[in-house]
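Data block below; observations after.
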Amino acid sequence: MSAGHNLVGVSPAAASQWATLQAALEDQPSTPCRAHRDPDLWWSWASSEEASALCWSCPVLAECGAFAAADGVRWGTWAGRWRGAEDAA
Ligand code: SF4
């Protein structure tokens, strides 16, 4: 998940991974989460299985996952994995 993420307060390591992700996106502007008719799929636990499956064809999967891990994101589907509480969809 790369669109619409709020970077306020991220660590230097996460900021570095974010820059890497953005650089990768310059070469691959179309990702499943950007191209899908319903990008909200990536923001709900209820649809996370569908979103996760779509992530596996993403050209920036590795960079997305590296940022999510560095930042410790706690919401949304990132790099084929839901990150957040499962009961708050
Ligand atoms: S791996 Fe998934 S969440 Fe990350 S940019 Fe690609 S489609 Fe979006």
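Here the stretch 23-41 is the region considered, the condition is being assigned to a helix (DSSP H, G or I) and more than 8 Å from the ligand (Cβ to nearest atom), and the residue that is surrounded by the most Cβ atoms within 10 Å (Cβ to Cβ) is Leu41. Tell me, yes or no, whether the stretch 44-62 has at least one residue that is touching a Gly at 6+ places or on another chain (Cβ under 9 Å), more than 12 Å from the ligand (Cβ to nearest atom), at pLDDT below 95 and in a helix (DSSP H, G or I). The answer is yes, given that some residue of the stretch 44-62 is touching a Gly at 6+ places or on another chain (Cβ under 9 Å), more than 12 Å from the ligand (Cβ to nearest atom), at pLDDT below 95 and in a helix (DSSP H, G or I).
Conditions (1) surrounded by fewer than 16 Cβ atoms within 10 Å (Cβ to Cβ); (2) farther than 18 Å from Leu7 by Cα; (3) without any contact (Cβ under 8 Å) to a residue 24 or more places away in the chain, marked per residue:
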residue: Trp18; (1), (2), (3): no, no, no
residue: Leu21; (1), (2), (3): no, no, no
residue: Trp43; (1), (2), (3): no, no, no
residue: Ala51; (1), (2), (3): no, yes, no
residue: Ser57; (1), (2), (3): yes, yes, no
residue: Gly84; (1), (2), (3): no, no, no
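Residue under question is Ser30, and the condition is that it be at pLDDT below 95 and touching a Cys at 6+ places or on another chain (Cβ under 8 Å); does it hold? Judged against the criteria, Ser30 is not a match. When Gly80, Gly76 are checked against the criterion of being of a type in the set (Gly, Ala, Ser) and touching a residue at least 40 places away in the same chain (Cβ under 8 Å), a single residue qualifies: Gly76.
The values are calculated or read from the model by the stated rules, or taken from the named source; none is laboratory data. Source: prediction; values computed, not measured. Cβ coordinates were reconstructed from backbone atoms using ideal geometry, including for glycine residues, and neighbour counts include every protein chain displayed.
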